[in-house]
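The next block holds one structure in the form of structure tokens; read it before the comments.
The values are calculated or read from the model by the stated rules, or taken from the named source; none is laboratory data. Predicted model only: the values in this text are computed from it and were never measured. When we count neighbours, we look across all protein chains shown, and the Cβ atoms used for this are built from the backbone with ideal geometry, even at glycine. Quick note on the areas: whole protein, heavy atoms, side chains included, nothing else; ligands and nucleic acids left out. Shrake-Rupley method; radii C 1.70, N 1.55, O 1.52, S 1.80 Å.
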Amino acid sequence: MDKLQSHMVDYLNSIGCRYRCEESESLYTFAVKGKNGVYPVLLYAKTPFLICIARLPVTIPDRNRLEVA
């Protein structure tokens, strides 16, 4: 585990986040509960990269997609 991963894991633990670690401690998955539902999150951490992808399970009408983007 590199330094970035260690800091990220420490932070996730400090906020009580339950996460799952995959791919030799570089890929973490968890869910965040928000106002409109539960959002799956994928977090990739390997120095020098920290990439976070969250999926919003909401369908945006075509006419509003540019505005949302």
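Structure summary
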quantity: Flag for residue 44 being aromatic (Phe, Trp, Tyr) and touching a Leu at 6+ places or on another chain (Cβ under 6 Å); calculated: yes
quantity: Residues of segment 15-69 that turn out to be open to solvent by 90 Å² or more (accessible area, probe 1.4 Å) and of a type outside the set (Lys, Arg), as a count; calculated: 15
quantity: Near pairs, Cβ below 6 angstrom, 6+ apart or cross-chain, from segment 1-18 (outside any helix (DSSP H, G or I)) to any residue that is surrounded by fewer than 12 Cβ atoms within 10 Å (Cβ to Cβ); calculated: 2/47
quantity: Selection within segment 20-59 - free of Cβ contacts under 8 Å to residues at least 24 places away in the same chain and in a loop (DSSP other than H, G, I, E, B); calculated: 23, 24, 26, 35, 36, 55, 56, 57, 58, 59
